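Taking it in order: structure first as structure tokens, then the write-up.
The values are calculated or read from the model by the stated rules, or taken from the named source; none is laboratory data. All values derive from a computational prediction rather than experimental measurement. Positions of Cβ are backbone-derived with ideal geometry, glycine not excepted, and every protein chain shown enters the neighbour counts. Quick note on the areas: whole protein, heavy atoms, side chains included, nothing else; ligands and nucleic acids left out. Shrake-Rupley method; radii C 1.70, N 1.55, O 1.52, S 1.80 Å.
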Amino acid sequence: MIRLRSRALCWALLGAVTLGLLYQAGTCYSRGSFPSFSYRDPLGAHQPGAGAGAGAMPAQPPATLLGSRAPSSTLQPFLGDLYGRDETHRSSRCPSGIRKRIASTKFSSVFLEAIPVLQWARHAQPAEYRRLRSYGGAHGWQEVGWPVVRDALTRLNASANGRMFDAHPRAAAGGSPCVRCAVVGNGGILNGSQAGAAIDRHDYVFRTNGALTKGFERDVGRRTSFYVFSTNTMMNSLHNYASNGFRQLPQTLETRYIFLPDHDRDYLQLRAALTHRPVDRGPDEGARPERYFGKDLRAEKFKMFHPDFIRYVRNRFLRSSILDTPQWRLYRPSTGAVMLLAALHTCDEVSAYGFITPNYRAYSEHYFDPTHKALRFYANHDLRLEMSLWQELHQSRLITLHTRG
Ligand SMILES: *[C@@H]1O[C@H](CO)[C@@H](O)[C@H](O)[C@H]1NC(C)=O
Ligand SMILES: *[C@@H]1O[C@H](CO)[C@@H](O)[C@H](O)[C@H]1NC(C)=O
């Protein structure tokens, strides 16, 4: 009954929101168990940047607990708390996976079972373009022309492009059907941790940005199954951490590259990779994809996060108070945060290493820093909110967050 009602509401809203635009059947997200539903801010249209609520950036906001966050039902409409559907991430046969456990935690009210995690050829449709161009940055396609989106995504047409895991090696060998993932941030907490062997024993190892392993194997491991980046953060990492030894991305046989698409740079880079040509315009014009991803540029090597997933993470898991300020457009969850939440939505077990913890001051910013550097807080992320989310996910036993005495 709730489903029916929410579905009707969903369609009604789509009608209102998209002004009668024809919408692909089945992509409208049913609101599941949300008891109440409202797209209007009960206090009236409070739009950051539109005057009301404008003011200086708040001093570091206190880390909010999920229970005290604004419920999603009161999200301002421009944040776009309405998503496509994707069934591909529900196929796990693990009896005790995260998806089976989440319903009995406080995250059941924010979790959407069919949220699309990845985008690929299936999403290269004009209707999808009309829907997603309402949202900017990493949250939609506002800054990307349709031909670029189309050319990049239609080439992500291998079956591996729609799923995080191609084949699960242990399950294929008759072992446990549960996919165990190590998700490795770059925090200084890993320095001296000796966690490398444990990290490499997982089925898959996720890394991001300055994912330096050479010389740090004992603490961080050797394997990289997934390298997560946006073109911007990847270029910055190569530039900023070259002197630490990070001169190329991980390029092992198992490595797959997951783009966090932010503006059009990532679609241009992906299109260049899949057509084996240099990037043809923008800030990376002339860049050769082989330089980053190696010579094997088959579609199977690449994946791309869906803007719905990033918006969902922002709106429901990391709804920072920055969104209530005039700088709201700049805000997105950090690349590491999107990586960890993508693992939460696809793996059956998640161990997080090198993520921010409350005693972060005891550690350098990165495990590979030669001398101590204090952790920097960027205005476009909310690392304190991310820190409290990792604590809550750990307390809810949905992830194992590795900390040190
Ligand atoms: C994917 O698209 C390429 C052209 O970009 C084509 O050659 C190939 O056959 C397609 N593969 C599949 C599985 O459809
Ligand atoms: C890494 O750990 C070693 C051993 O505990 C310590 O001497 C060194 O200062 C640490 N590096 C940084 C950058 O904090």
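Between residue 302 and 257, the built amide H atoms are under 5 Å apart, and every one of these is 5 or more places off in sequence or on another chain. Can you tell me how the range 273-405 classifies by the Cα gyration tensor, rounded, prolate or oblate, using a/c under 1.5 as the rounded cut? Verdict is prolate for the range 273-405. Heavy atoms of the protein chains alone define the surface here; on that basis the range 79-119 has 40 Å² accessible area per residue at 1.4 Å probe size.
Overall, the range 188-239 carries a charge dipole of about 80 debye about its Cα centre when +1 sits on the Cβ of Lys and Arg and -1 on the Cβ of Asp and Glu, all other atoms neutral.
With all protein chains in place and ligands, DNA and RNA left out, the 1.4 Å accessible area ranks 239, 139, 263 as 239, 263, 139, largest first. Backbone phi angles across the range 276-285, fed through the Karplus curve with coefficients 6.51, -1.76 and 1.60 (θ = phi - 60°), yield HN-Hα couplings of 6, 10, x, 4, 9, 6, x, x, 9, 3 Hz in residue order; Gly and Pro are listed as x. About the centre of its Cα atoms, the range 256-368 shows a dipole size close to 140 debye [charges on the beta carbon of Lys, Arg (+1) and Asp, Glu (-1) only; nearest 20 debye].
Residues whose amide H lies under 5 Å from that of residue 350, counting only those 5 or more places away or on a different chain, are 181, 400; hydrogens are built 1.01 Å from N in the peptide plane. The range 353-391 and the range 78-108 have Cα centres lying 27 Å from one another.
About the centre of its Cα atoms, the range 214-267 shows a dipole size close to 260 debye [charges on the beta carbon of Lys, Arg (+1) and Asp, Glu (-1) only; nearest 20 debye]. If you take the alpha carbon atoms of the range 239-294 and fit the smallest convex hull around them, that volume is 98 Å³ per residue. For the range 326-405, carbon and sulfur atoms together expose 51% of the accessible surface, with a 1.4 angstrom probe and every protein chain in place. Straight-distance candidates among the lysines for linking to residue 295, with alpha-carbon spacing under 30 Å and chain neighbours fewer than 8 residues away dropped: 214, 303. Largest first, the residues 83, 292 sort by 1.4 Å accessible area into 292, 83.
Principal axis analysis of the Cα atoms in the range 173-246 yields extents of 44, 28, 17 Å, listed in decreasing size. In terms of its C-alpha gyration tensor, the range 97-183 has an oblate overall shape, because the principal axis ratio a/c (a ≥ b ≥ c, square roots of the eigenvalues) is not below 1.5 and a/b does not outweigh b/c.
The aspartates and glutamates within cross-link reach of residue 100, meaning a Cα-to-Cα straight distance under 16 Å and a gap of 8 or more places when in the same chain, are 87, 113, 348, 349. Quick check: net charge around residue 217, other residues with Cβ under 11 Å of its Cβ, Lys/Arg +1 and Asp/Glu -1? Net charge in that neighbourhood comes out at +2.
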